[in-house]
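Quick notes on the structure that follows.
What follows draws every value from the coordinates through simple rules; no lab data is involved. Note that the structure is predicted; figures quoted are calculated from it, not measured. Neighbour counts run over all protein chains shown; Cβ positions are idealised from the backbone, glycine included.
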Amino acid sequence: MGEVRDRIAAKLAAAFRPARLDVTDESAAHAGHAGAREGGESHFHVLIVAEAFAGKSRLERQRAVNAALAEELAGPVHALRMTVKSPSEG
């Protein structure tokens with residue numbers, strides 16, 4: 001596992017105490033594209049299921065994740081694809 005991936009996972013775990021959290025480095029699929037870095041860790045998918053998202057709109061959920069990862073999004077992470085759910089949504 002990479003350093004950036006580990007930081008993302010740690011920050012999301014601390015911020016949302018998720019029931020499920022998967023952080024996948026998808027950088028290899030974007031090699032040669034804008035923002036792709038040598039060695040990867042530039043494009044990620046996050047699947048997070050947390051009670052903190054219950055009653056929140058999709059936009060509110062995504063903004064909360066973006067706020068928690070502001071440092072990474074300003075630096076090494078070029079793209080973040082996310083699936084954000086409450087436990088009742090699976």
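Odds and ends about this structure:
- Relative contact order (percent, whole number), region 3-89, Cα cutoff 8 Å, 6+ residue spacing: 34 percent
- For region 3-89, DSSP calls about 45 percent of its internal beta bridges antiparallel.
- Label point 7 Å beyond Cα of residue 83 along Cβ direction - residues of region 47-61 with amide nitrogen under 11 Å: 47-49
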